[in-house]
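What follows is one structure encoded as structure tokens, with my remarks underneath.
The values are calculated or read from the model by the stated rules, or taken from the named source; none is laboratory data. A quick note: this is a predicted structure, and the numbers were derived from the prediction, not measured. Here the Cβ positions follow ideal geometry from the backbone for every residue, glycine too, while neighbour counts run over all protein chains shown.
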Amino acid sequence: MNWHAIWAIYVYEMKRFFRTLMESLLSPVISTTLYFVVFGAAIGSRISEVEGVSYGAFIVPGLIMLSVMTQGISNASFGIYFPKFIGTIFELLSAPVNFLEVVIGYVGAAATKALMIGVVILLTAWFFVDLRIAHPGAMLAFLILTCVSFSLFGFIIGIWAENFQQLQLIPLLVITPLVFLGGAFYSISMLPPAWQTVTLFNPVVYLVSGFRWAFFGMADVPVAASLAAIAIFTGLCLLAVYAIFRTGYRIRS
């Protein structure tokens, strides 16, 4: 394993993040504040509690999941797409660096950025609600796994995309709607039985449910199912990345 190459890619990507640190961190803080104003104040005044948890606190895990998923995808996809766009990807491919080291460098940096933003949102939430974490170790594990898995997904999108518009296509049209429909701001037990069944086909439900369990000890689906969903999703992403580098799909042409 060429750790020097991994570190070089990682540091390069992190430096790009820190050059726009204020914009990168200020945006999620403002977005979180707006969500609390709209959902916490407006809707929270009508829904005081959900399964014994105040509505303002109940939406915190969903807000964090929404941000880390979209940020992980965005950072990883742009990180690998930009070298393709300017042509420096060929220098990377000709260097004595294998595909695993490239993936660890780019995905590791994107996951770190998403994790930092998730922590910032968590700290911001404490200013608005009385928040207690029932299982801090599990919360951190779910957060890291989500950051890594969706950064891997973003890396795949960055390879697949042929222009900057396509980089935002899946996060905006697929991921964000799935999060909103996946119980991020409500419990799926509040839905009619038929819609509960339909919602269980949404993979984001399992991620949000497991993360919320780490906060409040309550979940819409079994925690084991949430862990299995993350593991399966991560495994599929790793297989896709392996296939991309093995075939040279949209990298060598």
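Cβ separations smaller than 8 Å between residues 6+ apart or across chains give the following pairs from region 74-96 residues that are more than 25 Å from residue 173 (Cβ to Cβ) to residues that are exposed (fewer than 13 other Cβ atoms within 10 Å of the Cβ) and not β-branched (Val, Ile, Thr): 93/252.
Residues that are touching a helix residue (DSSP H, G or I) at 6+ places or on another chain (Cβ under 9 Å), part of a helix (DSSP H, G or I) and polar (S, T, N, Q): does region 97-109 have at least one? Explain how you work it out, then say what you get.
Taking region 97-109 as the starting set, the residues that turn out to be touching a helix residue (DSSP H, G or I) at 6+ places or on another chain (Cβ under 9 Å) are 97-109.
Subsequent filtering for residues that are part of a helix (DSSP H, G or I) retains 99-109.
Still in the running and polar (S, T, N, Q): none.
No, region 97-109 has no match at all.
All conditions but one from (1) over 20 Å from residue 83 (Cβ atoms); (2) modelled with pLDDT under 80; (3) loosely packed, with under 14 Cβ neighbours inside 10 Å apply to residue 3; the one that does not is (2). Only one residue in 239, 178 is without any contact (Cβ under 8 Å) to a residue 12 or more places away in the chain and part of a helix (DSSP H, G or I), so which one is that? After ruling out the rest, the residue left standing is 239. If I filter region 89-104 down to residues being of a type in the set (Val, Ile, Thr) and either buried (at least 18 other Cβ atoms within 10 Å of the Cβ) or at pLDDT 85 or above (or both), which single residue comes out as farthest from residue 148 (Cα to Cα)? For region 89-104, the residue satisfying everything is 89.
Contact annotation: residue pairs with Cβ atoms under 6 Å, 6 or more positions apart or on different chains, pairing a residue in region 12-24 that is within 14 Å of residue 78 (Cβ to Cβ) with a partner that is assigned to a helix (DSSP H, G or I) and aliphatic (A, V, I, L, M), are 13/109; 14/109.
Looking at 50, 60, can you tell me which residue is crowded, with 16+ Cβ neighbours inside 10 Å, more than 26 Å from residue 149 (Cβ to Cβ), in contact with a Phe, Trp or Tyr (Cβ under 8 Å, 6 or more places away or on another chain) and not aromatic (Phe, Trp, Tyr)?
On the way: 60 fails: more than 26 Å from residue 149 (Cβ to Cβ).
Going through 50, 60 in turn, the sole match is 50.
For region 119-141, does any single residue satisfy the condition of being at pLDDT 90 or above and surrounded by 21 or more Cβ atoms within 10 Å (Cβ to Cβ)? No, that holds for no residue.
Looking at 86, 73, just one residue is surrounded by 23 or more Cβ atoms within 10 Å (Cβ to Cβ), among the aliphatic types (A, V, I, L, M), within 30 Å of residue 166 (Cα to Cα) and at pLDDT 80 or above, and that residue is 73. Can you find, within region 176-209, the residue that is modelled with the lowest pLDDT among those that are within 26 Å of residue 244 (Cβ to Cβ) and crowded, with 19+ Cβ neighbours inside 10 Å? Once the filter is applied, the top-ranked residue is 179. For region 193-203, does any single residue satisfy the condition of being within 15 Å of the chain's Cα centre (by Cα) and of a type outside the set (S, T, N, Q)? Scanning region 193-203, I find at least one residue that is within 15 Å of the chain's Cα centre (by Cα) and of a type outside the set (S, T, N, Q), so the answer is yes. Being of a type in the set (Lys, Arg) and under 19 Å from residue 177 (Cα atoms) holds for only one residue in 250, 246, 212, and it is 212. Only one of the listed residues (155, 150) is under 18 Å from residue 207 (Cα atoms) and surrounded by 16 or more Cβ atoms within 10 Å (Cβ to Cβ). That residue is 150.
Residues satisfying the criterion are absent from region 47-56 (criterion: closer than 25 Å to residue 170 by Cα, hydrophobic (A, V, I, L, M, F, W, C) and modelled with pLDDT under 90).
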